[in-house]
Amino acid sequence: QVQLVESGGGLVQPGGSLRLSCVASGTIFNLYTMAWYRQAPGKQRDLVADITSGGTTNYADSVKGRFTISRDNAKNTLYLQMNSLNSEDTAVYYCHAHNRVVLLGHAYDLDYWGQGTQVTVSS
């Protein structure tokens, strides 16, 4: 059973910083592409950033230059450092793990989600 447990959310003032963490268990963490998504009230869940097993990163335009995604494979942990936060960053942030496995010529997508952690940016 794969489990993803996020932590680090909270209330922060505009311009402040937070670091989110996601600890994975029950799987071989370093094989997965890991990502952070977020969902604001009444909006769809959107990709914030992702990082491949090889360390290649990708960011949504809205967070480029402010957020940094990283992973520590020895600790089975994914991070999201968020700086210069503003009210538009307020959302529930979700950790996501993805891997594609090929068995007997068939491809299977494995996708797992954490329970989410609330980030609120407000003065």
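Okay, here's what the table says:
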{"quantity": "Virtual spin-label span in nm between residue 108 and residue 75, 7 Å along Cα→Cβ", "calculated": "3.2"}
{"quantity": "Label point distance in nm, residue 28-residue 122, each placed 7 Å from Cα along Cα→Cβ", "calculated": "4.5"}
{"quantity": "Computed magnitude of the charge dipole of region 25-123 (debye, nearest 20; Cβ of K, R +1, Cβ of D, E -1)", "calculated": "100"}
{"quantity": "Cβ-defined net charge surrounding residue 14, 15 Å radius [Lys, Arg +1; Asp, Glu -1]", "calculated": "-1"}
{"quantity": "The chain, relative contact order [Cα under 8 Å, separation at least 6], %", "calculated": "35"}
{"quantity": "Selected from 108, 24, 60, residue furthest toward positive end of dipole (the chain; charges at beta carbon)", "calculated": "24"}
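Bear in mind that the values in this text are calculations on the coordinates, not laboratory data. Nothing here was measured: the structure is a model prediction, and the numbers come from that model. Neighbour counts are summed over all protein chains in view; Cβ atoms, including those assigned to glycine, are modelled from backbone coordinates with ideal geometry.
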